Structures are given as C-alpha cells and as structure tokens.
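Undergrad: Structure below; questions to follow.
Since every read-out is calculated from the coordinates, none of them should be taken as a lab result. Keep in mind the model is a prediction, meaning the values are calculated, not measured. Cβ coordinates were reconstructed from backbone atoms using ideal geometry, including for glycine residues, and neighbour counts include every protein chain displayed.
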Amino acid sequence: MSVELICPGCQRLLRVSVDSPSQRVRCPVCSALFDVAPGPGVPAAPAPATPQPRWHLRIPEGLTYGPIGKDELDRWVVEGRVTAECQVREEGQSAWLGAAAIYPVLSPAAVLLAADARPAARNASPSPVPQAVGRRVLEPHRGAVILALGILSWVSCPVFGLIAWIMGNADLNRMRAGRMEMDGFTLTQAGRLLGLIHVLLIIVAFGVVVPVLFLFWASVRMM
C-alpha cells in the first residue's frame with residue numbers, strides 16, 4: 001500500500017510503501033523516524049482505476065462507430081439507434097456479434113411483445129426504455145430533390161438526369177430494405193424515371209447522330 005505524508009522533521013511530502021498503518025519509517029532526507037499513519041489533510045494514494053471495456057458498433061449500411069464505452073452503447077440502444085440488424089464487438093475481440101445477442105430486448109420477439117403491451121399500458125406512466133427499444137430511426141427521403149433533378153434534366157443539363165437516375169436507384173433500394181422513409185417512394189420513382197428516360201434518349205440520339213455525321217463526313221471527303 002502506498003501513502004503520501006509529510007515528514008515532521010523537514011516538512012517534505014513523501015510517498016512510501018507500507019504494509020501496516022502502524023509501521024514506522026525513516027525520512028530519506030533528514031533521517032527523522034515517525035509513524036506512517038497519515039495526518040489530516042494528507043491524502044492516501046488512490047487505487048488505480050480499472051479500465052472499462054470499449055465497444056464498436058457496425059450498422060447494416062456497413063459503417064462502423066467506436067470505440068465507445070458500454071454506458072454510451074446502452075444509451076444508443078435506448079435512443080433506438082441500435083437495432084437487431086446491427087452488430088457489436090468488444091475491443092480486443094475479432095468476432096462480431098448480433099446486437100440482439102448482447103441486448104435480448106432487440107430481438108424480434110421482444111419488439112413484438114413490447115408493441116402488444118403498449119395499448120394496455122397507455123394510461124400508465126411510461127418507461128423511457130421500452131418505448132425506445134426496437135424503434136428504428138429511418139433515413140429521411142429525398143424524393144423532392146430527385147424529382148427536381150429529373151425535371152431539370154429536360155430543361156437544362158442532361159447530367160441532372162444521370163444524377164436523378166443514380167440517386168433514385170439507391171434510395172428505392174434503401175426504402176425496400178426498410179432503411180429509408182417510404183413517404184417519398186412516389187416522388188423518388190417519378191424523378192428516377194424522368195432521369196432514366198432522358199439518359200436513354202441521349203444515348204439513342206448519339207447512337208444515331210454520330211454514325212450519320214460520320215457517313216456524311218466520309219461522303220464529303222470522297223467527292
């Protein structure tokens with residue numbers, strides 16, 4: 001055990017290792033002999049803190065977060081940021097585990113049970129954890145943006161049509177996978193189709209115009 005005390009002879013602050021509070025020690029500076037028992041205001045050396053395990057979180061989209069403490073991970077579960085499709089891994093371990101293996105409340109059966117129990121407990125004082133558990137935070141849709149890009153491709157630059165087509169495909173896949181709000185499905189699909197049709201027309205036009213121009217140029221040279 002290590003303690004800190006003040007030598008009564010030279011008033012120096014000493015740190016000594018002792019086996020008993022009643023042990024006597026000698027000051028290495030002034031050679032004064034005194035008891036180890038610390039007086040008022042002399043703090044004992046604090047015990048070393050035990051490092052807390054750190055965790056990593058991987059969401060279905062492939063992004064990885066961490067390392068974070070277990071308390072922070074628990075808070076994310078309560079806030080609905082962690083679902084059964086996510087994976088967690090303790091730092092120092094190589095294997096990823098399903099989030100439901102660490103938090104059984106995220107399992108589909110537990111989520112359904114909590115959903116069935118909510119109507120019966122509507123008048124009761126709600127607990128923050130059961131309401132948040134299992135709630136998936138969906139990405140906001142970009143249907144209006146994609147539709148605007150699809151329209152702009154017809155009135156200005158065809159590049160907007162390519163952007164609307166790519167963004168529309170990506171967002172529709174997210175909606176079908178349950179990761180994005182479905183409210184913008186119609187707008188997203190309309191903007192994607194406008195962009196796709198315009199891109200295809202541009203490809204067909206180039207496929208027809210370029211050979212015609214080449215044949216015209218070749219005929220002119222032969223004259």
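Undergrad: Charges only on Cβ, +1 for Lys and Arg, -1 for Asp and Glu: so what's the dipole of the stretch 146-221 about the Cα centre, in debye to the nearest 20?
TA: Magnitude of the dipole: close to 200 debye.
Undergrad: Relative contact order for the stretch 143-222: what percent, with Cα pairs under 8 Å and sequence separation of 6 or more?
TA: 37
Undergrad: Once you have a ≥ b ≥ c as the square roots of the Cα gyration tensor eigenvalues for the stretch 143-222, tell me rounded if a/c is under 1.5, and otherwise prolate or oblate according to whether a/b is larger than b/c.
TA: prolate
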